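Structure, as C-alpha coordinates:
The values are calculated or read from the model by the stated rules, or taken from the named source; none is laboratory data. In this text the structure is predicted, and so the values were computed from the model without any measurement. Don't worry about glycine lacking a Cβ; one is built from the backbone with ideal geometry, like all the others, and counts go over all protein chains shown.
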Amino acid sequence: MNKMSLEEIEEKLIQAVTDIMSLDKSTITAQTPLPELGIDSLGLVEIFVFIESNFNLQLLESGLTREDIKTISALASYVNKRL
(Lines give C-alpha, C1' and ligand atoms only; values in the text may rest on other atoms or scores of the structure.)
Protein backbone atom coordinates (compact mmCIF):
# COMPACT_ATOMS: atom_id res chain seq x y z
CA MET A 1 0.00 0.00 0.00
CA ASN A 2 1.32 3.43 -0.91
CA LYS A 3 1.86 5.79 2.00
CA MET A 4 -1.05 8.17 2.31
CA SER A 5 -0.59 11.87 2.90
CA LEU A 6 -1.64 13.39 6.21
CA GLU A 7 -4.48 15.17 4.38
CA GLU A 8 -5.76 11.88 2.92
CA ILE A 9 -5.69 10.27 6.36
CA GLU A 10 -7.54 13.25 7.87
CA GLU A 11 -10.17 13.05 5.11
CA LYS A 12 -10.73 9.32 5.73
CA LEU A 13 -11.01 9.90 9.48
CA ILE A 14 -13.42 12.81 9.03
CA GLN A 15 -15.60 10.60 6.83
CA ALA A 16 -15.46 7.78 9.38
CA VAL A 17 -16.38 10.10 12.25
CA THR A 18 -19.29 11.61 10.31
CA ASP A 19 -20.55 8.10 9.47
CA ILE A 20 -20.12 6.74 13.01
CA MET A 21 -21.66 9.79 14.69
CA SER A 22 -24.27 10.56 11.98
CA LEU A 23 -22.93 14.09 11.60
CA ASP A 24 -23.01 16.50 8.68
CA LYS A 25 -19.51 16.54 7.23
CA SER A 26 -19.65 20.31 6.77
CA THR A 27 -19.95 20.81 10.54
CA ILE A 28 -16.56 19.37 11.49
CA THR A 29 -12.93 19.97 10.68
CA ALA A 30 -9.77 18.06 11.50
CA GLN A 31 -9.21 20.58 14.34
CA THR A 32 -12.57 20.04 16.06
CA PRO A 33 -12.02 18.45 19.49
CA LEU A 34 -13.52 14.96 19.44
CA PRO A 35 -15.48 15.44 22.69
CA GLU A 36 -17.27 18.41 21.05
CA LEU A 37 -18.57 15.96 18.44
CA GLY A 38 -20.29 13.89 21.12
CA ILE A 39 -17.88 10.99 20.77
CA ASP A 40 -18.06 8.75 23.81
CA SER A 41 -15.99 5.67 24.62
CA LEU A 42 -18.10 3.47 22.34
CA GLY A 43 -17.69 5.92 19.46
CA LEU A 44 -13.96 5.99 20.09
CA VAL A 45 -13.82 2.19 19.93
CA GLU A 46 -15.65 2.33 16.58
CA ILE A 47 -13.10 4.85 15.29
CA PHE A 48 -10.26 2.60 16.49
CA VAL A 49 -11.81 -0.39 14.71
CA PHE A 50 -12.05 1.71 11.54
CA ILE A 51 -8.37 2.72 11.84
CA GLU A 52 -7.22 -0.83 12.54
CA SER A 53 -9.10 -2.25 9.57
CA ASN A 54 -8.45 0.57 7.08
CA PHE A 55 -4.85 1.37 7.96
CA ASN A 56 -3.79 -2.08 9.20
CA LEU A 57 -2.57 -0.71 12.55
CA GLN A 58 -2.89 -2.23 16.00
CA LEU A 59 -3.75 0.65 18.33
CA LEU A 60 -4.06 -1.08 21.69
CA GLU A 61 -0.37 -1.87 22.01
CA SER A 62 0.82 1.24 20.20
CA GLY A 63 1.19 3.72 23.06
CA LEU A 64 -1.76 5.87 22.03
CA THR A 65 -2.18 8.78 24.48
CA ARG A 66 -4.98 11.17 25.36
CA GLU A 67 -3.17 13.87 23.34
CA ASP A 68 -3.29 11.61 20.26
CA ILE A 69 -7.09 11.48 20.36
CA LYS A 70 -7.89 15.14 21.07
CA THR A 71 -8.74 15.98 17.46
CA ILE A 72 -9.01 14.23 14.12
CA SER A 73 -5.84 16.05 13.11
CA ALA A 74 -3.93 14.66 16.13
CA LEU A 75 -5.24 11.17 15.42
CA ALA A 76 -4.31 11.47 11.74
CA SER A 77 -0.79 12.54 12.70
CA TYR A 78 -0.52 9.54 14.99
CA VAL A 79 -1.68 7.18 12.22
CA ASN A 80 0.61 8.87 9.67
CA LYS A 81 3.69 8.31 11.86
CA ARG A 82 2.92 4.60 12.11
CA LEU A 83 2.24 3.87 8.45
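Restricting attention to region 55-83, which residues are part of a loop (DSSP other than H, G, I, E, B) and either at pLDDT 95 or above or not acidic (Asp, Glu) (or both)?
Quick first cut of region 55-83, residues part of a loop (DSSP other than H, G, I, E, B) only: 56-66, 70, 83.
Correct list: 56, 57, 58, 59, 60, 62, 63, 64, 65, 66, 70, 83.
For region 33-54, enumerate the residues that are assigned to a helix (DSSP H, G or I) and of a type in the set (D, E, K, R). Spell out how you get there, then give the answer.
Start the filter on region 33-54 by keeping residues that are assigned to a helix (DSSP H, G or I), which leaves 34-37, 41-54.
Listed by number, the residues that qualify are 36, 46, 52.
From the list 65, 71, 32, pick out the single residue that is loosely packed, with under 15 Cβ neighbours inside 10 Å, among the hydroxyl-bearing types (Ser, Thr, Tyr) and either out of contact with any Leu (no Cβ under 7 Å at 6 or more places or on another chain) or within 13 Å of residue 13 (Cβ to Cβ) (or both). Explain how you work it out, then say what you get.
On the way: 71 fails: loosely packed, with under 15 Cβ neighbours inside 10 Å; 32 fails: loosely packed, with under 15 Cβ neighbours inside 10 Å.
Unique residue meeting the criteria: 65.
Taking each residue of region 21-32 that is free of Cβ contacts under 8 Å to residues at least 40 places away in the same chain and part of a helix (DSSP H, G or I) and looking for partners that are among the acidic types (Asp, Glu) and buried (at least 16 other Cβ atoms within 10 Å of the Cβ) with beta-carbon atoms closer than 6 Å, six or more apart or interchain, yields nothing.
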